[in-house]
1. Which one of the conditions (1) of a type outside the set (Lys, Arg); (2) on the phi > 0 side of the Ramachandran plot; (3) at pLDDT 85 or above; (4) out of contact with any strand residue (DSSP E or B) (no Cβ under 7 Å at 6 or more places or on another chain) does residue 59 fail to meet, given that it meets all the rest?
2. For the stretch 80-112, name all the residues that are loosely packed, with under 12 Cβ neighbours inside 10 Å and of a type in the set (Gly, Ala, Ser).
3. Taking the options 138, 170, name whichever one is in contact with an Asp or Glu (Cβ under 8 Å, 6 or more places away or on another chain), at pLDDT below 95 and over 22 Å from residue 34 (Cβ atoms).
4. Does the stretch 154-164 contain at least one residue that is over 21 Å from residue 38 (Cα atoms) and either small (Gly, Ala, Ser) or outside any helix (DSSP H, G or I) (or both)?
5. Which of (1) closer than 30 Å to residue 148 by Cα; (2) crowded, with 16+ Cβ neighbours inside 10 Å; (3) without any contact (Cβ under 8 Å) to a residue 24 or more places away in the chain; (4) not β-branched (Val, Ile, Thr) is the odd one out, the single condition residue 57 does not satisfy?
6. So, in the stretch 144-158, exactly how many residues are over 20 Å from the mean Cα position of the chain (by Cα) and buried (at least 19 other Cβ atoms within 10 Å of the Cβ)?
7. Can you confirm whether residue 143 is within 17 Å of residue 27 (Cβ to Cβ) and among the small types (Gly, Ala, Ser)?
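The values are calculated or read from the model by the stated rules, or taken from the named source; none is laboratory data. What you see is a predicted model; the values in this text were computed from it and never measured. A quick note on method: Cβ atoms are made from the backbone with ideal geometry, for glycine too, and the neighbour counts reach across all protein chains shown.
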Amino acid sequence: MKVDKSKSRREYNSAFGGIVDLIDVELYDSFNFQCQRCGECCHDPPGLNPKEVIKLAEYLGVTKPQFFGRYTSIHKDSYYGWKVKLKKTNDYCIFLKIDGKSSCSVYEVRPRQCRGRPIIGTVNLLDKIVDVEWMSFQINPCAGLDKGNECTVAEWIKENNLEELWQDEQDYRRLVVPMKSRMSSKKLMKNIRDLFIK
């Protein structure tokens with residue numbers, strides 16, 4: 001079935017840290033998408049996991065501690081306890097460059113939240129392995145929807161290597177979320193920080 005933008009609804013989404021417009025979709029629903037380089041999705045920098053920090057640090061030629069100190073910030077989060085995100089500059093992700101058109105200076109190694117857009121996949125924390133056949137999906141109806149080439153949700157996932165990136169995030173969640181109930185907020189922040197810099 002073709003995705004219908006008129007079926008979007010507003011809801012709170014913890015991945016984006018606020019109210020967003022979303023459309024529920026199935027794995028074999030089709031949609032057209034071409035990024036319009038508007039920068040709208042860059043207002044809310046992505047949350048990161050340690051593997052994403054490794055890729056970004058290597059790409060920029062800095063150490064993990066240098067990357068963590070220069071480019072990230074830690075925020076209170078109801079799910080993780082503390083969430084590591086890319087910093088903002090002028091109300092946008094620190095890596096967004098605006099000169100006529102918007103562009104990402106780390107596009108080749110952008111985190112899964114950016115790489116997946118407009119698709120958002122929901123993984124059950126209890127599952128050890130990400131299985132896209134059992135996941136639920138939503139589309140964020142941005143300006144690029146209904147433009148460009150047509151593909152299915154499944155094709156988009158494969159093309160953008162999202163299954164592997166979601167598995168990295170799932171592994172991080174399975175490590176961090178249980179610590180939240182056993183540790184003080186201060187100790188949890190230190191342990192999360194250590195995961196990113198060691």
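1. It is condition (2) that residue 59 fails.
2. Listed by number, the list holds a single entry, 100.
3. Values: 138 fails: over 22 Å from residue 34 (Cβ atoms).
Criteria check complete, one pass: 170.
4. yes
5. With (1) closer than 30 Å to residue 148 by Cα; (2) crowded, with 16+ Cβ neighbours inside 10 Å; (3) without any contact (Cβ under 8 Å) to a residue 24 or more places away in the chain; (4) not β-branched (Val, Ile, Thr) applied to residue 57, the lone miss is (1).
6. First, pick out the residues of the stretch 144-158 that are over 20 Å from the mean Cα position of the chain (by Cα): 146-151.
Next cut, buried (at least 19 other Cβ atoms within 10 Å of the Cβ) only: none.
Total meeting the criteria: 0.
7. Values: within 17 Å of residue 27 (Cβ to Cβ): no; among the small types (Gly, Ala, Ser): yes.
Taking the combined requirement at face value, the residue does not satisfy it.
Yes/no per residue for (1) in a loop (DSSP other than H, G, I, E, B); (2) modelled with pLDDT under 95; (3) hydroxyl-bearing (Ser, Thr, Tyr):
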residue	(1), (2), (3)
15	yes, yes, no
20	no, yes, no
24	no, yes, no
37	yes, yes, no
65	no, no, no
